[in-house]
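Notes for the one structure printed next.
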Amino acid sequence: MDEMIFGAESPRTVFMASGQGSQKPGMGLSLLEVPEVARTFECASDVLGRDIAALVADDSPAAAERLNETRNAQAAIAALSIGIGRALAARGIEPDALLGFSLGQISAIALGGMVDDEGAFRIIDARSAAMDEAARRNPGAMSALLKADCEAVDALCRDCAQGEVLAPANCNCPGQIVIAGTPAAIERAEEAWRQQGGRASRLATQGAFHSPLMEEARAPFAEYLETVEFAAPAIPIVCNTDAALLDAATVRRRLADHLTHPVLFEQSVRSLAGCGATLFAEIGYGGVLAGLVRRIDKDLERPCIQDRAGFEEFLDRWEEQR
């Protein structure tokens, strides 16, 4: 990535928007006291026709299952990320670049000014519906392989596919690559990986996202994206599929490709760091992305803004550094 695309100033601060799998009942509830966050949840609820804040607030086992459904998980995660970003902007804090993880790319597009918040939630509605239908028609799973490298995972997928879909889906950080595929292929790969001395952790997703099993979702999502008017980004946004900057001319194709292509998170972070970024703040719940950044480069700052205490701490820290 050419650092000159950022203009005279190299990027220092990156906001990272969380991806699916980070959802949990109660996430971000204390931030609903922040007006901009509350308004974003209200916007999501109005667009989607269901109360997203109430869904997150319900900690019953049945509600937790509903929250894990693709259409609900994506709405809640994006509402929190976009809301935090809006709240920071209202207090004069904006990043030099944006990076979303999978679903988080839609949050980044909203925060980068390519669409407004209503438009972002409409995109998420179309995206999650297409992904949910594809997952029902083509059942799949995802698993994080620890102590993994690209060469070993490629070989594992070839050996364990046995004619079924099995492919790398997320290149997260050194030693962690997520695979996606049919349930049987994932089970074979997990067992084979354990026999090689590795560890595997199944993800809380309803399908094999970022794999060929999502091909059926691509066409309807691409068709919907043709109806969306995208503006040029006001803040540089790094695309997951190629670790390069998004633009209005290619955003539709690249968002559609995103469903079946792997997330290149490690490559995206390294590209930004190579251009001068030193602070990668996760705006969303769970701290997963901050943890991945630590594994990529321990010298990078990586605060996680996921609750009211973290929000206030970040504001104080920002003021001290001015």
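The values are calculated or read from the model by the stated rules, or taken from the named source; none is laboratory data. All figures in this text were calculated on a predicted structure; none of them were measured in a lab. All Cβ positions, even for glycine, are placed from backbone atoms using ideal geometry, and neighbour counts span all protein chains on display.
Of everything in the stretch 184-211, what is of a type in the set (G, A, S) and not in a helix (DSSP H, G or I)? Give them in sequence order. Before you say what the answer is, go through the steps one by one.
Filtering the stretch 184-211 down to residues of a type in the set (G, A, S) leaves 184-185, 189, 192, 197-198, 200-201, 204, 207-208, 211.
Selection gives G197, G198, A200, S201, A204, G207, A208, S211.
For the condition within 24 Å of T227 (Cα to Cα) and either crowded, with 16+ Cβ neighbours inside 10 Å or modelled with pLDDT of 95 or more (or both), what is the one hit in N68, N72?
On the way: N68 fails: within 24 Å of T227 (Cα to Cα).
Just a single option satisfies the conditions, and that option is N72.
Looking for something of a type in the set (G, A, S), more than 19 Å from the chain's Cα centre (by Cα) and at pLDDT below 95 - is there at least one such residue anywhere in the stretch 114-130? First the steps, then the outcome.
Step one: list which residues in the stretch 114-130 are of a type in the set (G, A, S), which gives 119-120, 126, 128-130.
Within this subset, residues satisfying the condition of being more than 19 Å from the chain's Cα centre (by Cα) are none.
Within the stretch 114-130, none of the residues are of a type in the set (G, A, S), more than 19 Å from the chain's Cα centre (by Cα) and at pLDDT below 95.
Consider I235 against the criteria (1) touching a helix residue (DSSP H, G or I) at 6+ places or on another chain (Cβ under 6 Å); (2) surrounded by fewer than 20 Cβ atoms within 10 Å (Cβ to Cβ); (3) not small (G, A, S): it satisfies all of them except one. Which criterion is unmet?
Here I235 meets the rest and fails (1).
I need a count of the residues in the stretch 255-294 that are in contact with a strand residue (DSSP E or B) (Cβ under 7 Å, 6 or more places away or on another chain), of a type in the set (S, T, Y) and either surrounded by 24 or more Cβ atoms within 10 Å (Cβ to Cβ) or not assigned by TED's automatic domain parsing to the domain that holds A126 (or both).
1
Given (1) at pLDDT below 95; (2) farther than 19 Å from S102 by Cβ, identify the lone condition not met by A249.
For A249, the failing item is (1).
Condition test on I106, is it touching a strand residue (DSSP E or B) at 6+ places or on another chain (Cβ under 9 Å) and under 23 Å from L213 (Cβ atoms)? Give the derivation first.
Values: touching a strand residue (DSSP E or B) at 6+ places or on another chain (Cβ under 9 Å): yes; under 23 Å from L213 (Cβ atoms): yes.
It is true that I106 is touching a strand residue (DSSP E or B) at 6+ places or on another chain (Cβ under 9 Å) and under 23 Å from L213 (Cβ atoms).
Within the group A62, A89, A54, A79, which residue is of a type in the set (A, V, I, L, M, F, W, C), out of contact with any Leu (no Cβ under 7 Å at 6 or more places or on another chain), under 24 Å from P262 (Cα atoms) and part of a helix (DSSP H, G or I)?
Details: A62 fails: under 24 Å from P262 (Cα atoms); A89 fails: under 24 Å from P262 (Cα atoms); A54 fails: under 24 Å from P262 (Cα atoms).
Of A62, A89, A54, A79, the one residue that is of a type in the set (A, V, I, L, M, F, W, C), out of contact with any Leu (no Cβ under 7 Å at 6 or more places or on another chain), under 24 Å from P262 (Cα atoms) and part of a helix (DSSP H, G or I) is A79.
Would you confirm, using the coordinates I've provided, whether A130 is in contact with a strand residue (DSSP E or B) (Cβ under 6 Å, 6 or more places away or on another chain), buried (at least 21 other Cβ atoms within 10 Å of the Cβ) and of a type in the set (G, A, S)?
On the way: in contact with a strand residue (DSSP E or B) (Cβ under 6 Å, 6 or more places away or on another chain): no; buried (at least 21 other Cβ atoms within 10 Å of the Cβ): yes; of a type in the set (G, A, S): yes.
No.
Please find, among S22, S45, S18, S81, the residue that is without any contact (Cβ under 8 Å) to a residue 24 or more places away in the chain, among the polar types (S, T, N, Q) and crowded, with 16+ Cβ neighbours inside 10 Å. Working first, answer last.
Values: S22 fails: without any contact (Cβ under 8 Å) to a residue 24 or more places away in the chain; S18 fails: without any contact (Cβ under 8 Å) to a residue 24 or more places away in the chain; S81 fails: without any contact (Cβ under 8 Å) to a residue 24 or more places away in the chain.
Only one candidate passes the filter, namely S45.
Quick one: is F221 among the aromatic types (F, W, Y), more than 30 Å from P139 (Cβ to Cβ) and not in a loop (DSSP other than H, G, I, E, B)? Break it down into steps so the answer makes sense when it comes.
Working: among the aromatic types (F, W, Y): yes; more than 30 Å from P139 (Cβ to Cβ): no; not in a loop (DSSP other than H, G, I, E, B): yes.
So F221 fails the test.
Could you tell me which numbered condition C157 fails, if it satisfies all but one of (1) in contact with a Pro (Cβ under 9 Å, 6 or more places away or on another chain); (2) under 20 Å from A217 (Cβ atoms); (3) not acidic (D, E)?
Status for C157: all satisfied but (2).
Considering only the stretch 106-122, how many residues are β-branched (V, I, T) and either surrounded by 24 or more Cβ atoms within 10 Å (Cβ to Cβ) or closer than 19 Å to G284 by Cα (or both)? So that I can check it myself, show each step before the final result.
Pass one, the stretch 106-122, residues β-branched (V, I, T): 106, 109, 115.
Next, only the ones that are either surrounded by 24 or more Cβ atoms within 10 Å (Cβ to Cβ) or closer than 19 Å to G284 by Cα (or both) stay: 106, 109.
Here the count works out to 2.
For A249, only one of the following conditions fails: (1) without any contact (Cβ under 8 Å) to a residue 24 or more places away in the chain; (2) crowded, with 18+ Cβ neighbours inside 10 Å; (3) assigned to a loop (DSSP other than H, G, I, E, B); (4) among the small types (G, A, S). What is its number?
(2)
So for the stretch 161-179 (the condition being assigned to a helix (DSSP H, G or I) and either of a type outside the set (G, A, S) or within 17 Å of the chain's Cα centre (by Cα) (or both)), does at least one residue qualify?
Filtering the stretch 161-179 down to residues assigned to a helix (DSSP H, G or I) leaves 161.
Of the ones still in play, those that are also either of a type outside the set (G, A, S) or within 17 Å of the chain's Cα centre (by Cα) (or both) are none.
No - not one qualifying residue is present in the stretch 161-179.
Could you tell me whether E223 is within 28 Å of M114 (Cβ to Cβ) and of a type in the set (D, E)?
Values: within 28 Å of M114 (Cβ to Cβ): yes; of a type in the set (D, E): yes.
So E223 fits the description; yes.
For the stretch 301-322, what are the residues that are of a type in the set (G, A, S) and surrounded by 13 or more Cβ atoms within 10 Å (Cβ to Cβ)?
G310
Within the group A155, A161, A185, A189, which residue is modelled with pLDDT of 95 or more, surrounded by fewer than 18 Cβ atoms within 10 Å (Cβ to Cβ), in contact with a helix residue (DSSP H, G or I) (Cβ under 6 Å, 6 or more places away or on another chain) and not assigned by TED's automatic domain parsing to the domain that holds R50? So that I can check it myself, show each step before the final result.
Working: A155 fails: in contact with a helix residue (DSSP H, G or I) (Cβ under 6 Å, 6 or more places away or on another chain); A185 fails: surrounded by fewer than 18 Cβ atoms within 10 Å (Cβ to Cβ); A189 fails: surrounded by fewer than 18 Cβ atoms within 10 Å (Cβ to Cβ).
The conditions single out A161.
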